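Working notes, structure below.
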Amino acid sequence: MPRWQKPFYRLGQALASIPGGFARFFAGIGKGIAKFFKGVGENIADIGRTFVKGDAVTKGSFLVMGLANMCRGQILRGLMFLLMEVVFIFYMITTGGYWLSMLPSLGLVGPQEEYDLILDTYVTTYHDNSFKILLYGVLTIFFILAFIVTWRMNVKQAKISQEMVESHRRLKSSGDDLRSLVDEGFYKTLLALPLTGILIFTVMPIVFMTLVAFTNYDGTHDGYFNNLFHWVGLDNFNQIITWGNGSTVYSAAFGEVLTWTLIWAFFATFTNYFLGIFVAMMINKKGIRFKKGFRTILVMTIAIPQFISLLYVSKMFAKNGIVNGFLMDMGWITTALPFWEEATWARITIILVNIWIGIPYLMLVATGILMNIPADLYESARIDGANAWKQFSKITLPYMLFITGPYLLTQFTGNMSNFNVIYLLTTGNPINAAASGAAGSVGYTDLLVTWLFKITTGAESKYYMASVVGILIFIVVAIITLIVYNFLPSIKNEEDFQ
Amino acid sequence: MSSGPTLEKRHMGMTAANRLSNTVIYIILIVMSIVWLAPFVFIVMQSFRVESTWMTGYVMPQKWGFDNYIALGKTDFWHWYTNTFIIALFTAALQTVIVLCMSYTLSRFRFKMRRPLMKFMLILGLFPGMLTMIILYRVLKDLGMTQDNAVPGLILVYIASSGMGYYVSKGFFDTVPKALDEAARVDGATRAQVLWKIILPMAKPIVIYTVLTAFMGPWGDFVFARYISMNSTEGMNVAVGLQSWLTLDQINSRYTMFCAGGVIVAIPVTILFMCLQRYYVEGVTGGAVKG
């Protein structure tokens, strides 16, 4: 095959493997689901067996959690199970039941205007709170799931402890359990706090916001003071993807913003990447002195808090800013250049400023890797007569791509959600009048995340729309991540051959 | 190595072509250094401008003075500065603990839920962080940690989910040979003792890296700080506060003060970073890439 055809051939191969990758992915999901249900089935079977073969104590544990543990000497474990059961039942009877029952409707009685005889006027009284119902309802469901898991653990331990007693083996005492917390079980101690934090501050909000996307929670339906909010099913998603008449505003805005987000992420990532490697190679070159000096100068720009750099540079390029002022003083231009005022100018300027911000990081990463490439690879290549370009494309580049593959992916997805750079430089302007309107003001440099921010903090606070956009961001990012992971193994294999 | 290729190398280093490319490279690097440092030189110069406080098209002040720095004292700036400093301090301490707990555990222990947990956190990370903002605000509001009291609220938000940022630290711990752990355990140490007495003392680089990045983070956070402090100027951090000075209505009286404020914020952080630069570089080139 002629040499120039090779890249196309490889590209074709890579693209052709995408459908296969998707097929494998969905098959994997299918297998995962199948495994899950099989696991559930096995667990149920095991529970049944435990009941049948269990003695009185084991059978009793089905009702009174922890009974088996306590009767067999594992006081601590038994007490913990019992405590869980008591707390759960108490909670469900007092408040949990209420939240669950209100979950389907998200509240029945909103704020009411009632005539107050004493004050001789209409007074607003508040009743159901949709927000709290959604929040506590979801928490209750989580609690129920946690309880089911704990109950299952309880039954399993009852069975195991019965078997161990029957075969005269020694059970772990409470003292053993406590001691293991600083030894084999130390990971439980270490992970407790971080995982709790993640559960409460990341998992719960994400689940909650995902559900909000299916309601009409916004500034005028805040769930308590104004109006209740209710489930609207897939209405919001329809709004954003149908190309109908009244709803074109959202879908148009979404299409434009998504396109720019992808283009931006692509350029931001790869310009920084290749230029960073280039700069690293230049500084690293044999004949160059002051290596440390140049690197330190560039690294200093990382130290300075980014918001200062971004805000200041954004003012530098303003109509009456330093750059225009300088150009006009030199007589090179007569009217100010519209760095931020015109869509295409703004987009290019942003990418250039991002290069200024990003190269020092990439240079650091690249330098570290370059130093690890064995020098004799280059030696033998030079002896074989390869010139500088060939050395780069056959040794340096493949090596870098191989090692930084995952890093590039995180850079790309990170840039897709790079709020600071866009917002602090332009706040998304210039405004895209055609796409704005119901969606709030959308600009030509808005990313999906800045748009999300505007929707949330805008006048109408359309939280449900923000949630929808958030979910869509997740889907886009997840798809891209999957596709790239599909690529990576093939790249890895190639390098081994080479 | 024979002397043949070595002599060749030295000879090749002296060729005219090589000298030319070196000169070109020097020129590029010097221009780059100027371009990269220019904005910071400008901001320092403009912070000393006395004759006007609005944004101008020139850099060199006509009159030099400390007016802008003094004027900062009459605004909320120092309040924002203390806010951010407190947040950074607590975040640095607590976040380091949490991240190290998480990364050490994932590196050293092999328990059943380990892989699913890592995959789960990977997926969680794909959600935009801002999505959680709305509900966290509501929850924090009920706890009284928003607006004027935004500082504790922000600290809580930063550290609570920081466990998800374990990649670099874990990469580091992965390079520490397990034989070390084994030897200690054979001698009878519990795992807790292994971590405390053996691993941590030699993990100085990564601990410093984690503390450094945890400290620098809050100085630049805009989104969360802005949302949690809502309409209160009491609870803002420097990023939100300084940005508010550059809005259309405020910029004419605040531009030079912004420059002064920027310089004051930048200097301590930059000095700290440059002192600990070595560890940052080690962390980036070592762990970040393998992650």
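Between residues in the stretch A:254-269 that are free of Cβ contacts under 8 Å to residues at least 12 places away in the same chain and residues that are surrounded by 21 or more Cβ atoms within 10 Å (Cβ to Cβ), which pairs lie under 9 Å by C-beta distance while being six or more apart or on different chains?
Taking only residues 6 or more apart or on different chains, the pairs are A:Gly255/A:Ala435.
Just to verify a result, which residue in the stretch A:52-91, among those that are assigned to a loop (DSSP other than H, G, I, E, B) and not small (Gly, Ala, Ser), is farthest from the chain's Cα centre (by Cα)? Spell out the reasoning first.
Step one: list which residues in the stretch A:52-91 are assigned to a loop (DSSP other than H, G, I, E, B), which gives A:54-55, A:62-66, A:72-74.
Subsequent filtering for residues that are not small (Gly, Ala, Ser) retains A:55, A:62-65, A:72, A:74.
Working: A:Asp55: 48, A:Phe62: 40, A:Leu63: 41, A:Val64: 41, A:Met65: 38, A:Arg72: 46, A:Gln74: 41 Å.
Filtering first and then ranking leaves A:Asp55.
Could you give every pair whose Cβ atoms fall below 6 Å, whose first residue belongs to the stretch A:165-176 and is under 21 Å from A:Lys53 (Cα atoms), and whose second residue is among the hydrophobic types (A, V, I, L, M, F, W, C), counting only separations of at least 6 or pairs across chains?
That search, which allows pairs on different chains as well, returns A:Leu171/A:Met164.
Quick check on the stretch B:158-211: of everything there that is outside any helix (DSSP H, G or I) and among the β-branched types (Val, Ile, Thr), which residue is farthest from B:Pro128 (Cα to Cα)? Show your work before the answer.
Kept after step one, since they are outside any helix (DSSP H, G or I), are these residues of the stretch B:158-211: B:161, B:165-166, B:175-177, B:187-190, B:203.
Subsequent filtering for residues that are among the β-branched types (Val, Ile, Thr) retains B:175-176, B:190.
On the way: B:Thr175: 31, B:Val176: 33, B:Thr190: 40 Å.
Here the answer is B:Thr190.
Residue-by-condition table, conditions (1) closer than 19 Å to A:Leu409 by Cβ; (2) more than 10 Å from chain B (Cβ to nearest Cβ); (3) at pLDDT 80 or above:
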residue: A:Thr450; (1), (2), (3): no, no, yes
residue: A:Lys454; (1), (2), (3): no, yes, yes
residue: A:Thr457; (1), (2), (3): no, no, yes
residue: A:Glu460; (1), (2), (3): no, yes, no
residue: A:Tyr464; (1), (2), (3): no, yes, yes
residue: A:Gly470; (1), (2), (3): no, no, yes
residue: A:Val477; (1), (2), (3): yes, no, yes
residue: A:Tyr485; (1), (2), (3): yes, yes, no
residue: A:Ser490; (1), (2), (3): yes, yes, no
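From the list B:Thr105, B:Thr96, exactly one residue is hydroxyl-bearing (Ser, Thr, Tyr), crowded, with 21+ Cβ neighbours inside 10 Å and in contact with a Ser or Thr (Cβ under 7 Å, 6 or more places away or on another chain). Which is it? Spell out the reasoning first.
Details: B:Thr105 fails: in contact with a Ser or Thr (Cβ under 7 Å, 6 or more places away or on another chain).
Checking each option against the conditions leaves just B:Thr96.
In the stretch A:221-242, what residues are surrounded by 14 or more Cβ atoms within 10 Å (Cβ to Cβ), modelled with pLDDT of 75 or more and of a type in the set (A, V, I, L, M, F, W, C)?
Of everything in the stretch A:221-242, those that are surrounded by 14 or more Cβ atoms within 10 Å (Cβ to Cβ), modelled with pLDDT of 75 or more and of a type in the set (A, V, I, L, M, F, W, C) turn out to be A:Leu228, A:Phe229, A:Trp231, A:Val232, A:Phe237.
Name every residue in the stretch B:116-134 that is closer than 21 Å to B:Ile98 by Cβ, in a helix (DSSP H, G or I) and touching a helix residue (DSSP H, G or I) at 6+ places or on another chain (Cβ under 7 Å), in order of residue number.
B:Met118, B:Met121, B:Leu124, B:Gly125, B:Thr132, B:Met133
I'd like to know if the stretch A:327-347 contains one or more residues that are at the interface with chain B (Cβ under 9 Å from one of its Cβ atoms), surrounded by 18 or more Cβ atoms within 10 Å (Cβ to Cβ), without any contact (Cβ under 8 Å) to a residue 60 or more places away in the chain and in a helix (DSSP H, G or I).
No, every residue in the stretch A:327-347 fails to be at the interface with chain B (Cβ under 9 Å from one of its Cβ atoms), surrounded by 18 or more Cβ atoms within 10 Å (Cβ to Cβ), without any contact (Cβ under 8 Å) to a residue 60 or more places away in the chain and in a helix (DSSP H, G or I).
At pLDDT 80 or above, over 18 Å from A:Phe88 (Cβ atoms) and in contact with a helix residue (DSSP H, G or I) (Cβ under 7 Å, 6 or more places away or on another chain): is that true of A:Leu135 in this structure? Spell out the reasoning first.
Details: at pLDDT 80 or above: yes; over 18 Å from A:Phe88 (Cβ atoms): yes; in contact with a helix residue (DSSP H, G or I) (Cβ under 7 Å, 6 or more places away or on another chain): yes.
Yes, satisfied.
Residue-by-condition table, conditions (1) hydrophobic (A, V, I, L, M, F, W, C); (2) farther than 30 Å from A:Thr261 by Cβ:
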position	(1), (2)
A:Ala343	yes, no
A:Arg347	no, no
A:Ile351	yes, no
A:Pro360	no, no
A:Leu364	yes, no
A:Leu370	yes, yes
A:Ile373	yes, yes
A:Ile383	yes, yes
A:Ala388	yes, yes
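So for the stretch A:194-217 (the condition being within 14 Å of chain B (Cβ to nearest Cβ), in a loop (DSSP other than H, G, I, E, B) and within 24 Å of the chain's Cα centre (by Cα)), does at least one residue qualify? Step through it out loud before you land on a result.
Of the residues in the stretch A:194-217, the ones within 14 Å of chain B (Cβ to nearest Cβ) are A:194-213, A:215, A:217.
Checking which are in a loop (DSSP other than H, G, I, E, B) leaves us with A:213, A:217.
Cutting the leftovers down to within 24 Å of the chain's Cα centre (by Cα) gives us A:213, A:217.
Checking the stretch A:194-217: at least one residue is within 14 Å of chain B (Cβ to nearest Cβ), in a loop (DSSP other than H, G, I, E, B) and within 24 Å of the chain's Cα centre (by Cα).
Out of the residues in the stretch A:358-387 that are part of a loop (DSSP other than H, G, I, E, B) and at the interface with chain B (Cβ under 10 Å from one of its Cβ atoms), state the one that is nearest to A:Met300 (Cα to Cα).
The initial filter retains those residues of the stretch A:358-387 that are part of a loop (DSSP other than H, G, I, E, B), namely A:371-374, A:384-387.
Right, trim to at the interface with chain B (Cβ under 10 Å from one of its Cβ atoms) and you get A:371-372.
Details: A:Met371: 21, A:Asn372: 24 Å.
Filtering the stretch A:358-387 for residues that are part of a loop (DSSP other than H, G, I, E, B) and at the interface with chain B (Cβ under 10 Å from one of its Cβ atoms), the one nearest to A:Met300 (Cα to Cα) comes out as A:Met371.
Somewhere in the stretch B:228-238, is a residue surrounded by fewer than 24 Cβ atoms within 10 Å (Cβ to Cβ) and at the interface with chain A (Cβ under 10 Å from one of its Cβ atoms)? Spell out the reasoning first.
Just the residues of the stretch B:228-238 that are surrounded by fewer than 24 Cβ atoms within 10 Å (Cβ to Cβ), to begin with: B:230-234.
Subsequent filtering for residues that are at the interface with chain A (Cβ under 10 Å from one of its Cβ atoms) retains B:230.
Yes, that holds for at least one residue.
From the residues in the stretch A:179-193 that are in contact with a helix residue (DSSP H, G or I) (Cβ under 7 Å, 6 or more places away or on another chain) and outside any loop (DSSP other than H, G, I, E, B), which one is farthest from B:Gly165 (Cα to Cα)?
Filtering the stretch A:179-193 for residues that are in contact with a helix residue (DSSP H, G or I) (Cβ under 7 Å, 6 or more places away or on another chain) and outside any loop (DSSP other than H, G, I, E, B), the one farthest from B:Gly165 (Cα to Cα) comes out as A:Phe186.
For (1) more than 13 Å from chain A (Cβ to nearest Cβ); (2) of a type in the set (Val, Ile, Thr); (3) without any contact (Cβ under 8 Å) to a residue 40 or more places away in the chain, each residue gets a yes or a no:
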| residue | (1), (2), (3) |
| --- | --- |
| B:Ile28 | no, yes, yes |
| B:Ser33 | no, no, yes |
| B:Pro39 | no, no, yes |
| B:Arg49 | no, no, no |
| B:Met55 | no, no, no |
| B:Met60 | no, no, yes |
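Read through the list (1) within 16 Å of the chain's Cα centre (by Cα); (2) within 10 Å of chain A (Cβ to nearest Cβ); (3) of a type outside the set (D, E, K, R), then give the number of the only condition that B:Pro268 fails.
So the condition that B:Pro268 fails would be (2).
Got at least one residue in the stretch B:87-101 being closer than 14 Å to B:Gly241 by Cβ and modelled with pLDDT of 90 or more?
Our first condition is that a residue be closer than 14 Å to B:Gly241 by Cβ; within the stretch B:87-101, this holds for B:87.
Now narrow it down to the ones that are modelled with pLDDT of 90 or more: B:87.
Taking every residue of the stretch B:87-101 in turn, at least one turns out to be closer than 14 Å to B:Gly241 by Cβ and modelled with pLDDT of 90 or more.
Please enumerate the residues belonging to the stretch A:388-432 that are hydrophobic (A, V, I, L, M, F, W, C), within 11 Å of another protein chain (Cβ to nearest Cβ), within 22 Å of A:Ala280 (Cβ to Cβ) and in contact with a Ser or Thr (Cβ under 7 Å, 6 or more places away or on another chain).
Matches in the stretch A:388-432: A:Leu408, A:Leu409.
Considering each residue of the stretch B:44-67, count those that are outside any loop (DSSP other than H, G, I, E, B) and within 19 Å of A:Ser309 (Cβ to Cβ), and give that number. It would help to see each step written out before you state the result.
We begin by selecting, within the stretch B:44-67, every residue outside any loop (DSSP other than H, G, I, E, B); these are B:44-47, B:49, B:64, B:67.
Now restrict to residues that are within 19 Å of A:Ser309 (Cβ to Cβ): B:44-47.
Within the stretch B:44-67, residues that are outside any loop (DSSP other than H, G, I, E, B) and within 19 Å of A:Ser309 (Cβ to Cβ) number 4.
Taking the stretch B:60-70, which residues are out of contact with any Lys or Arg (no Cβ under 9 Å at 6 or more places or on another chain) and surrounded by 14 or more Cβ atoms within 10 Å (Cβ to Cβ)? Break it down into steps so the answer makes sense when it comes.
Start the filter on the stretch B:60-70 by keeping residues that are out of contact with any Lys or Arg (no Cβ under 9 Å at 6 or more places or on another chain), which leaves B:66, B:69-70.
B:Tyr69, the sole residue that qualifies.
Looking only at residues in the stretch A:25-54 that are surrounded by 13 or more Cβ atoms within 10 Å (Cβ to Cβ) and not small (Gly, Ala, Ser), which one is nearest to A:Glu163 (Cα to Cα)? Explain how you work it out, then say what you get.
So the first thing to find is which residues in the stretch A:25-54 are surrounded by 13 or more Cβ atoms within 10 Å (Cβ to Cβ), and the list is A:25, A:43, A:46-47, A:50-51, A:54.
This time we only want the ones that are not small (Gly, Ala, Ser), so: A:25, A:43, A:46-47, A:50-51.
On the way: A:Phe25: 41, A:Asn43: 18, A:Asp46: 14, A:Ile47: 15, A:Thr50: 10, A:Phe51: 13 Å.
Among residues in the stretch A:25-54 that are surrounded by 13 or more Cβ atoms within 10 Å (Cβ to Cβ) and not small (Gly, Ala, Ser), the one nearest to A:Glu163 (Cα to Cα) is A:Thr50.
Quick one: B:Met145 ticks every box in (1) of a type in the set (A, V, I, L, M); (2) over 30 Å from B:Tyr81 (Cα atoms); (3) away from every other protein chain (no Cβ under 11 Å) bar one, so which box is it?
It fails just one condition, (2).
Return the residue satisfying two criteria in turn: it lies in the stretch B:209-226 and is at pLDDT 85 or above, facing chain A (nearest Cβ under 9 Å) and under 19 Å from B:His79 (Cβ atoms), and of such residues it is nearest to the chain's Cα centre (by Cα).
First pass over the stretch B:209-226, keeping only residues at pLDDT 85 or above: B:209-219, B:221-226.
Cutting the leftovers down to facing chain A (nearest Cβ under 9 Å) gives us B:216, B:219, B:221-223, B:226.
Now drop any that are not under 19 Å from B:His79 (Cβ atoms), which leaves B:219, B:221-222, B:226.
Working: B:Trp219: 8, B:Asp221: 10, B:Phe222: 13, B:Arg226: 18 Å.
Within the stretch B:209-226, the match that is nearest to the chain's Cα centre (by Cα) is B:Trp219.
Output the number of the condition that B:Asn22 fails; it satisfies all remaining conditions of (1) of a type outside the set (Asp, Glu); (2) buried (at least 16 other Cβ atoms within 10 Å of the Cβ); (3) within 30 Å of A:Gly293 (Cβ to Cβ); (4) out of contact with any Lys or Arg (no Cβ under 8 Å at 6 or more places or on another chain).
The failed condition is (4).
I'd like the full set of residues that are more than 7 Å from chain B (Cβ to nearest Cβ), closer than 23 Å to B:Ala260 by Cβ and either part of a helix (DSSP H, G or I) or free of Cβ contacts under 8 Å to residues at least 12 places away in the same chain (or both), limited to the stretch A:285-320.
Across the stretch A:285-320, the qualifying residues are A:Ile302, A:Leu310, A:Ser314.
The values are calculated or read from the model by the stated rules, or taken from the named source; none is laboratory data. In this text the structure is predicted, and so the values were computed from the model without any measurement. Virtual Cβ from ideal backbone geometry, glycine too; neighbours counted across all protein chains shown.
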